[in-house]
1. Only residues in the range 60-85 that are assigned to a loop (DSSP other than H, G, I, E, B) count as the first member; pair them with residues that are β-branched (Val, Ile, Thr), Cβ under 6 angstrom, at least 6 apart or cross-chain, and list the lot.
2. Is it the case, given these coordinates, that Gly98 is farther than 23 Å from Leu123 by Cα and either surrounded by fewer than 23 Cβ atoms within 10 Å (Cβ to Cβ) or modelled with pLDDT under 95 (or both)?
3. Can you pull out the residues in the range 93-108 that are of a type in the set (A, V, I, L, M, F, W, C) and within 14 Å of the chain's Cα centre (by Cα)?
4. Looking at the range 22-57, which of the residues that are away from the ligand (no atom under 14 Å from the Cβ), of a type in the set (A, V, I, L, M, F, W, C) and in a loop (DSSP other than H, G, I, E, B) is surrounded by the fewest Cβ atoms within 10 Å (Cβ to Cβ)?
5. Please go through (1) more than 10 Å from the chain's Cα centre (by Cα); (2) crowded, with 21+ Cβ neighbours inside 10 Å; (3) over 22 Å from Leu100 (Cβ atoms) for Ala65 and return the number of the only condition it doesn't satisfy.
6. Among the candidates Leu86, Leu123, Leu110, which residue alone is within 16 Å of the ligand (Cβ to nearest atom) and either under 19 Å from Asp55 (Cα atoms) or β-branched (Val, Ile, Thr) (or both)?
7. Looking at Lys57, Lys9, Lys78, Lys46 in this structure, which one is under 23 Å from Lys128 (Cβ atoms) and either touching an Asp or Glu at 6+ places or on another chain (Cβ under 8 Å) or hydrophobic (A, V, I, L, M, F, W, C) (or both)?
8. Kindly check whether there is at least one residue in the range 58-66 that is away from the ligand (no atom under 15 Å from the Cβ) and within 16 Å of Asp27 (Cα to Cα).
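The values are calculated or read from the model by the stated rules, or taken from the named source; none is laboratory data. Bear in mind that the values here come from a model prediction, so they are computed numbers and not experimental data. Neighbour counts run over all protein chains shown; Cβ positions are idealised from the backbone, glycine included.
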Amino acid sequence: MGMAMYSDKVMEHFMNPRNVGEIEDADGIGEVGNPVCGDMMTFYIKVDDQGRLSDVKYKTFGCGAAIAVSSMISEMAKGKTLEEALKITREDVAQELGGLPKNKMHCSNLGADALHKAIQDYLEKRKKGGESHGR
Ligand code: FES
């Protein structure tokens, strides 16, 4: 038990998470809570003219696995098209991380769900009249 159950990659992302933070003028925001443990995660995205994710940031109020998952998924999503990013699954993330312990798989749900929700948020805002880039 303890930390030894995590892969080196999980530990590395947990100790040194990438892209942490908030995007103030985000094009899309997705927030999800984990019903299993009550932890929360919020993803922020910027979308460029090509429909690619030019920036991805997040805030995670969760366990070490959730932090590693958000860090990894932010790296995987950056530069991808919305369509590609919507196809990233929790299994993809867990695999990229070199696996997650079974009892921590629920933590990986948060990352993909929050990212997908941020993309939906962006798509919905755009549908509703497009004006979301004004300052
Ligand atoms: Fe809550 Fe991992 S225990 S996200």
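1. Taking only residues 6 or more apart or on different chains, the pairs are Lys78/Val56.
2. Values: farther than 23 Å from Leu123 by Cα: yes; either surrounded by fewer than 23 Cβ atoms within 10 Å (Cβ to Cβ) or modelled with pLDDT under 95 (or both): yes.
Criteria met by Gly98.
3. Initial filter on the range 93-108 (of a type in the set (A, V, I, L, M, F, W, C)): 93-94, 97, 100, 105, 107.
Correct list: Val93, Ala94, Leu97, Cys107.
4. So, considering only residues that are away from the ligand (no atom under 14 Å from the Cβ), of a type in the set (A, V, I, L, M, F, W, C) and in a loop (DSSP other than H, G, I, E, B), the one surrounded by the fewest Cβ atoms within 10 Å (Cβ to Cβ) is Ile23.
5. For Ala65, the failing item is (3).
6. Numbers: Leu86 fails: within 16 Å of the ligand (Cβ to nearest atom); Leu123 fails: within 16 Å of the ligand (Cβ to nearest atom).
Sole residue among the options that is within 16 Å of the ligand (Cβ to nearest atom) and either under 19 Å from Asp55 (Cα atoms) or β-branched (Val, Ile, Thr) (or both): Leu110.
7. On the way: Lys57 fails: under 23 Å from Lys128 (Cβ atoms); Lys9 fails: under 23 Å from Lys128 (Cβ atoms); Lys78 fails: under 23 Å from Lys128 (Cβ atoms).
Criteria check complete, one pass: Lys46.
8. no
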